[in-house]
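Structure first, then comments.
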Amino acid sequence: MPYYEYYCTDCNQVFEIFLTYQEYGSQMISCPMCESSQIRRIIKPVRVARSEEGRLESLTDPEQLEGLDNDPQTLGKMMRQMSQELGEDMGPEFDEVVDRLEKGQSPEDIENDLPDLGSGGDGLNPGLDL
Ligand SMILES: [Zn+2]
């Protein structure tokens, strides 16, 4: 439960109150010493900031991406989603690769089956930096 620090302007006391976020929005707070409602919230840097960072880190977890080499179906799904979000036609070769990935074929097998892919470059990477 987060705690809030207040300062009473009547008796010059600083006090802490533990409140849930719901209580914080609805509850009338008064000074525990003199019961005055002439109080001011003391704002401090809060711990919440750190947990926000943690959430961002988990979204870009590199281990999650590395595992995709052994998971062609998820890789295929991701590539399809990316091309849809880009709104670009990635060409019939791209569709072919995605189809095969989604059927569970490994990237190596697809490359062997489709030697013409990408004509010289990394065939599995038609414009996408995976
Ligand atoms: Zn007071």
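Ordered by the count of other Cβ atoms within 10 Å of each Cβ, fewest first, Asp89, Asp95 give Asp89, Asp95. For region 82-95, backbone phi angles converted through the Karplus equation (6.51, -1.76, 1.60; θ = phi - 60°) give residue-by-residue couplings of 4, 5, 5, 5, 6, x, 10, 7, 7, x, x, 5, 4, 4 Hz, Gly and Pro being listed as x. Arranged from fewest to most other beta-carbon atoms within 10 Å of their beta carbon, Tyr4, Tyr21 become Tyr21, Tyr4.
Annotation note: GluC sites (Glu not before Pro) in region 1-37 located in DSSP loop regions with a Cβ neighbour count of at most 15 within 10 Å are Glu35.
Does region 3-45 come out rounded, prolate or oblate, given a ≥ b ≥ c as the square roots of the eigenvalues of its C-alpha gyration tensor, rounded meaning a/c under 1.5 and, failing that, prolate meaning a/b above b/c? Write down the numbers at each step before the final one.
Working: a/c = 2.21, a/b = 1.40, b/c = 1.57.
Because a/c hits 1.5 or more and a/b fails to exceed b/c, region 3-45 counts as oblate.
Since every read-out is calculated from the coordinates, none of them should be taken as a lab result. Worth saying up front: this structure is predicted, and the values here are computed from it rather than measured. Backbone-built Cβ (ideal geometry, glycine too); neighbour counts: all protein chains shown.
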